[in-house]
1. What size of dipole, in debye to the nearest 20, comes out for the chain about its Cα centre when the only charges are +1 on Lys and Arg C-beta atoms and -1 on Asp and Glu C-beta atoms?
2. For a quick check of your reading of the filter: which GluC sites (Glu not before Pro) in region 208-254 sit in a DSSP loop and have no more than 13 other Cβ atoms within 10 Å?
3. Against the longest alpha carbon principal axis of the chain, how many degrees, from 0 to 90 and to the nearest 10, is the axis of helix 20-32 turned?
4. Which residues' amide hydrogens lie under 5 Å from the amide hydrogen of residue 114, considering only partners 5 or more residues apart or on another chain, with H built in the peptide plane?
5. Of the listed peptides 345-358, 398-411, what is their order by residue-averaged count of other C-beta atoms within 10 Å, with the highest listed first?
6. Would you please calculate the Kirkwood hydrodynamic radius of region 222-290 over all C-alpha pairs and express it in Å, rounded to one decimal?
7. Show me 206-214, 144-152 ranked by packing, highest mean number of other Cβ atoms within 10 Å first.
8. Just to confirm the filter: which trypsin sites (Lys or Arg not before Pro) across region 158-218 are DSSP coil and have at most 15 other Cβ within 10 angstrom of their Cβ?
Amino acid sequence: MSWSLIIWSGVSAKQINMNKRSAVSLFFVLAMAALFLYASGASAQNDNGSAGLRIFDDQFVLKKEVPLVPPEFTGTVRFVLADVDADKVKEIVVGYGGDGDSLIKIFRANGVGLAEWRPFGAGFAGEISLTAIDLNGDGRDEVVAGAGAGGGPQVRLFDGQGKALPGGSFWAREKEYRSGVEVGVGDVNGDGQKEIVVSSIDGKNSLINFFDQTGKKMGEGFTVAMPENSLEPVHLGALDLGSDGIEEVVVGNGAGNEPKVQIYRQNGTLIKEFLAYQKEFTGGVNFQAQKINSKNVIVVGAGYAGGPHVRFFDCFGKAFGPVGLFAYDASLRGGINVGYGDVDGDGKAELVTLPQRINYSQKYYSKYIDIDISEQKLRYYLNGKLINAFLVSSGLKSMPTPLGEFTVWQKSPRAYSSKYNLYMPWWMSFKPGYGLHELPEWPSGYKEGVNHLGQRVSHGCVRLGVGPAKTLYDWALIGTRVLIHE
């Protein structure tokens, strides 16, 4: 099985032409609709070592495949379609992040590479948010990149060769902010200029602000409420709903959220909202919003832990186009990116898809902690990617740590046990009477068990060392899954 960038040609926003071959193809697509979004039995990684660009004709017959993502890549891939050379054909701008070295690469649909660069320097290893549009009216799209979690809230603008635009680098938040930004672009105030739209996490909200191309803030912005377990800012797009030259802001929930799409005016007035998938799915959505043949189109792909299900909506949230379209084997659960545009010069808009991840955990929670008692090791994951691993001390065999699936339901930076007259820094309870915490501390300040990490010595709790306990405490939210097994 291979995970690939797929281009489905001839998927019309209005209809699918029916002949004998297309009827058979459509029957297959409809049959896939019977599969639930949370398809089971997912493979944890790419089997054959390729993650290539695929082009399908209008009968869904594979025409070509070109590898894009190396099989050992463990990060996250994002992409956007852009005409970087003014030839009226879209190129594929791919952001590779979260795997030690973050890059942007530009490809033609035949896999020929046009440019490659590090948007935030060699020291940045986080994910990359991307958008693209012609900012100066020369017919060539510029690339806008936002730094993901771990980096500062930096936004940078580039031409199609990776050259930074003069004055096109700015901080969208205070420099100490480290939760990542998402970027979009659109003329949201009708001044004839494209504004840079940036979302970031602000407590239990996503904060949306607008900037000109030099980073000057435009207006006050607005906030979008998010649940406490949100893992990333909302994703962004823009559409001119009224054909009045003013674009509205399209918002798609990120990981940790229900799969909701919303449309706002610049002043924060909500115009429309709808669910792209079942409400219970919390992997968020990836999407592209644009006007195709005078029709506003929002193409949506399921985020991490959902099946590779692609859907088409108009700006009123009404679904149309192909039914039950799964762009890959339904077992893929790494999330799916989507784009829509003419990438091969045939004058037709192609649906372009690419998995977010090709190597990922088989536990399909956006964020969880895994504790292996036999190894005395704790690992924690975000969107299927291993973040870190620590040695622990679990319960004695006579006082074992409970096995099973739990959630963090209580947190305290310094809990006290009256039973044992000691303190448990960075306490996170996953079951009444049991929790994760730093090595216990006596009232005298003595730390117990410094040399016992990797051994079963506790009375049932899971002990972590000094440093790792706080790191995990800061990372985990109330509701984070805790899986304990042998």
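1. 1380 debye
2. 220, 228
3. Roughly 20 degrees between the two axes.
4. 106, 107, 108
5. Highest mean packing first, the order is 345-358, 398-411.
6. 12.3 Å
7. 144-152, 206-214
8. Those satisfying the criteria are 163, 175, 178, 204, 216.
The values are calculated or read from the model by the stated rules, or taken from the named source; none is laboratory data. The shown structure was predicted, so the numbers you read here are calculated from the model rather than taken from an experiment. FYI the Cβ positions are ideal-geometry reconstructions off the backbone, even for glycines, and counts take in every protein chain you see. In case anyone asks, the SASA skips ligands and DNA or RNA and just uses the protein heavy atoms, side chains included. Shrake-Rupley method; radii C 1.70, N 1.55, O 1.52, S 1.80 Å.
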